1. What's the extension gain from T231 to D380 if we count 0.36 nm per residue and subtract their Cα-Cα distance?
2. What is the spin-label model distance, in nm, from A51 to E297 if the labels are put 7 Å beyond Cα along the C-beta direction?
3. Below 8 Å, C-alpha to C-alpha, sequence gap of six or more: please give me the relative contact order for the chain in percent.
4. Sorted by accessible area with a 1.4 angstrom probe, largest first, how do K227, K394, K173 fall?
5. State, to one decimal in nm², a quarter of the convex hull surface area for the C-alpha atoms of the chain, i.e. the direction-averaged projected area.
6. Between S30 and A342, what FRET efficiency comes out of the Förster formula 1/(1 + (r/R0)^6) with R0 = 25 Å and r the beta carbon distance, rounded to 0.05?
7. Tally Lys and Arg at +1 and Asp and Glu at -1 over the other residues with C-beta under 11 Å from the C-beta of F142: what net charge comes out?
8. Over all alpha-carbon pairs of the stretch 204-282, lay out the pair-distance distribution in 10 Å bins, whole %, shortest bin first.
Amino acid sequence: MRLTILGGGGFRVPLVYQALLDDHAEGRVSHVTLHDLDPARLAAIGRVLAAQADGVPDAPVVTTTTDLDEALRGADFVFSAIRVHGLEGRTIDERVALAEGVLGQETVGAGGIAYGLRTVPVALDIASRIARLAPHAWVINFTNPAGLVTEAMSRELGDRVIGICDSPSGLGKRVARALGVVPSRAQLDYAGLNHLGWLRRVLVDGVDRLPELLADETALATFEEGKLFGTDWLRALGAIPNEYLHYYYFNREAVTAARAATQTRGTFLLEQQRRFYADVASCDTPALAAWHATRLERETTYMAENREAAGAGDRESGDLESGGYEQIALALMRAIAQDQRATLILNVRNRRTIEHLDADAIVEVPCLVGSSGARPVAIDALPDHATALVASVKAVERAVIEAAVTGSRGAALRALSVHPLVDSVAVARRLLDAYQEQLPQLSYLR
Ligand code: G6P
Ligand code: MN
């Protein structure tokens, strides 16, 4: 089986490759093609993968290329994990927004919109090439903002593109641990959009254990979401929100913390990653050790501002391990390729799952996966407050896609203005001006 990874010089590729190395089952991935625009990044990641494969006799063969069409031809699966304009772009997204006093996070609020506006045109081009060159391939989208980008690609690829994120399963694992339950035994009733979902029930042997957890203040204080949101708010909601909802429910505090920080997440990662890729370019640096150290530092500092704003302290050691992102991708690929049925929380077309959204809206919900792809399972309606937020954010995503497809600056302005975390059309206008000034990729908006 042949897997192509777009964004193949990306920092998380070794996570995927390690999962492939650990997979010895029949029908496993035998060839990996890494595609990236930057040959230096490909070479650096190639060195890390070679170190991982050292001494593993059946290691998947790795090839690298900067030719997109060549990378796509013959692929059975395509992982798309690109970052248009790199971490430089992420930094601009953040700084422009923070200067206006609004959030610049890469997937939430103004920052997510700017990132979406420059990513969707590229994602659409990739989707149409896949439709032409590898029409039978399954596409697994990791590119953020993942829900929005998956929705854009699904216009070309229908159900053959599936979006993934590790945050719902990470939440599920933490909640199971807090309940003293093995994660695989907990069935998660989770629904919403990417980075905008709620865990409403945790079924263990058919019994919902969430009320028990919500009643237990000590247990709630043992994991990330309990610390971020606080007992009283979780009880008032009667659900556990995705950690990214901290940006909504505690927006003022999150923005204040982001403005007070000496550098944004994007700037921190830009410098960290520059160091890593420069170090690994030199043959004297042991590539795999450098990669491990950099990964651990990245994990340790993840969402640090939110934790600081909430007084949540450091991350739990269990949350620093890898296993989320790449395990979901592998489980999904195996379920499709081997028809090994699995239930996974994925970004797929809604059909009639979330009542108030139309059939083509990409939603993040539990899906049954097998050789014919991923099908959302029927779920209960979302509560009113969640319905309202999901509807608003979906309208923003639709406006971003409309802007990207038609080149309409008006649609981009609408996306920014109607976002619940942008509080004035005047602010939205200034944001759009500044983004267009600093991001050449947005010059298509007229
Ligand atoms: C989580 C999110 C991803 C995000 C990743 C890394 O896994 O679900 O969407 O890409 O964290 O975040 P970072 O700030 O380290 O780039
Ligand atoms: Mn994610």
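1. Gain on stretching T231 to D380: 51.2 nm.
2. Once both label points are built, they end up 1.4 nm from each other.
3. 17 percent.
4. Per-residue accessible area, sorted high to low, gives K173, K227, K394.
5. Its Cα hull, projected and averaged over all orientations, spans 19.9 nm².
6. Values: r = 22 Å, r/R0 = 0.87.
After rounding, the FRET efficiency stands at 0.70.
7. Numbers: positive: R12, R83; negative: D166, E326.
Residues near F142 contribute 0 overall.
8. Going out from 0 Å in 10 Å bins, the stretch 204-282 shows 15, 31, 24, 18, 10, 1 percent.
The values are calculated or read from the model by the stated rules, or taken from the named source; none is laboratory data. A quick note: this is a predicted structure, and the numbers were derived from the prediction, not measured. Methodologically, a virtual Cβ is constructed for each residue, glycine included, from the backbone with ideal geometry; neighbour enumeration extends over all protein chains shown. Accessible surface areas use protein heavy atoms only, side chains included; no ligands, DNA or RNA. Shrake-Rupley method; radii C 1.70, N 1.55, O 1.52, S 1.80 Å.
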